[in-house]
Amino acid sequence: MPRKLLIFDTTLRDGEQVPGAKLNIDQKLVVAKQLERLGVDVIEAGFPVSSPGDAKAVNLVARQVRKPIIAGLARALKKDIDILWEAIKDADRPRIHVFLAASDVHIEKKLRLNREQALEMAVEAVKYAKKYCPNVEFSPEDATRADFDYLCQVVEETIKAGATVINIPDTVGYTIPEEFGRLIRKLRERVPTTDKIILSVHCHNDLGLATANSIAAIVNGATQVECTINGIGERAGNAALEEIVMILKTRPQYFNIETNIVTPEIIPTSRLVSRMMNLPIQPNKAIVGANAFAHSSGVHQDGILKDRRTYEIIRPEDVGAQQHLLVLTARSGRKAVRQKLTDLGYDLSDETFEKIYKRFLSVADRKKEITAADLKSIVEVELSKV
Ligand code: KIV
Ligand code: ZN
């Protein structure tokens, strides 16, 4: 039986921290409803103490989006937890997510505390949150730069205090896959109670490794992954939901892990988030970029036309994309141009096609891409000569 991986989407919290990406209340609800259609297990709807508007938006999501768990973020402070609880208490399944620094640089330089004080604060905060809500997640911030023994102690004590989810964040995208996988494995060995809770990971992309690090952690026993649509988030972003989900789905024999994600909803969700948050998607972005299923070289186009599996490891329709795109450029061969002409409704003799193809190549040498309109005018010019 495949093991289930829980998908915790933080597009509306960590993703919304991108400068200029702020959503208004109604937009937040639209995105949350789409995340529900996508099948995420948890929506982190916001950080209610950050502004009254965010608290209101989180509350709206909590009241109107029923299927996923609705989480909100709080620092390890009573005031944050009180405000968060007010915002999410109407959800069918609320979750309080508390975080506190675990690395020395964060504890000493940012919080101006020592390890013992930070540990006590974390434990008190989890106990306090637990009075409101049975479902409490704790994140030891900057875990990958923390002293490992101290990290184990924090995890053990916060589980004892009532945390039902422990999330290990690579807050500054510092770790590398092999090291992060080992950290998760060793943490499970050193703190056996991690087997009784949900063990989550949350990776940032500062070194371009957020997806790879998440996968390494999943292979080593993480049961929840935190991610965002299109990988948006602080600085270089967070692990991209669509990448993690499609890696697991594309290599089922290797991983034997399933998610609840309805993959044909991936592209619609990606486009919605991009549009609403004003964050364009790079064309070569894995899974959701405009070129992710576009083939431009003649050799590749020929292969695709014979059997799509030659150059396609994911069926575009499985992620909600239109069928693969054959982009016509000077690199395109006769087969792709012929196919496009047939799609456009032209039934041409071999002789006429050869003339058109010659003309196509000379236009394509000047233009980067030949559109359907370009191709039509090439054909019309050629046919008018007959
Ligand atoms: O990156 C991080 O450490 C976070 C935590 C609040 C989970 O976003
Ligand atoms: Zn984060």
Positive-end residue of C152, P177, Y132, charge dipole of region 130-192 with Cβ unit charges: Y132
Taking the Cα centre of region 1-119 as origin, work out the dipole magnitude from +1 charges on Lys and Arg Cβ and -1 charges on Asp and Glu Cβ, in debye rounded to 20. 160 debye
Kirkwood-based Rg over Rh for region 280-357 (C-alpha set), two decimals? 1.02
For region 190-271, what is the convex hull volume of the alpha-carbon atoms per residue, in Å³? 111 Å³
Acute angle (nearest 10 degrees) that the helix 148-161 long axis makes with the longest principal axis of the chain, alpha-carbon atoms: 70 degrees
Looking at the chain as a GNM with Cα springs under 10 Å, which of E234, E265, E120 has the largest mean-square fluctuation? E120
Quick check: Cα centre of region 294-315 to Cα centre of region 1-47, how many Å? 34 Å
Cα gyration tensor of region 109-172 - equivalent ellipsoid semi-axes, whole Å, descending: 19, 13, 11
Over all directions, how big on average is the projection of the convex hull of the alpha-carbon atoms in region 1-146, in square nanometres? 9.9 nm²
Would you mind computing Rg(Cα) / (2.2 N^0.38 Å) for region 229-304, counting N as its residues? 1.25
So how do 237-243, 372-378, 282-288, 64-70 stack up, highest first, on mean other-Cβ count within 10 Å? 237-243, 64-70, 282-288, 372-378
If you bin every alpha carbon distance in region 15-70 into 5 Å steps from zero, what whole percent lands in each bin? 4, 21, 32, 26, 13, 3
Sort 121-128, 246-253, 98-105 for me by packing, meaning the mean count of neighbouring Cβ atoms within 10 Å per residue, highest on top. 98-105, 121-128, 246-253
Measuring from the longest principal axis of the C-alpha atoms of the chain, the long axis of helix 78-88 (C-alpha) lies at a number of degrees, nearest 10, equal to 50 degrees
Please report, to one decimal in angstroms, the Kirkwood hydrodynamic radius of the chain built from all distinct Cα-Cα pairs. 22.8 Å
Obtain the radius of gyration and the Kirkwood radius of region 134-275 from its C-alpha atoms and give Rg over Rh. 0.97
How big is the equivalent ellipsoid of region 39-122 along its three axes, where each semi-axis is √(5λ) from the Cα gyration tensor, reported in whole Å from largest to smallest? 28, 13, 10
Would you kindly compute the Cα radius of gyration of region 239-386 and its largest Cα-Cα separation (Dmax), both in Å? 18.6, 60
Computed over region 150-233, Kirkwood Rh from alpha-carbon pairs, angstrom: 12.8 Å
So the angle from the long Cα axis of helix 25-38 to the longest Cα principal axis of the chain, reported in degrees to the nearest 10, equals 80 degrees
Between S349 and E258, how many nm apart are label points set 7 Å from Cα along the C-beta direction? 5.8 nm
Would you list which lysines come within 29 Å of K368, measuring only between C-alpha atoms, while excluding same-chain residues fewer than 8 positions from it? K285, K306, K335, K340, K355, K358, K376, K385
Spatially proximal lysines relative to K4 (Cα-Cα < 16 Å; intrachain offsets below 8 disregarded): K196, K249
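Rule-based calculations on the coordinates, nothing more; no lab input. On a predicted model such as this, the values are computed, not experimentally measured, just so you know. Every residue, glycine as well, gets a Cβ built from its backbone with ideal geometry; the counts of neighbours run over all protein chains shown.
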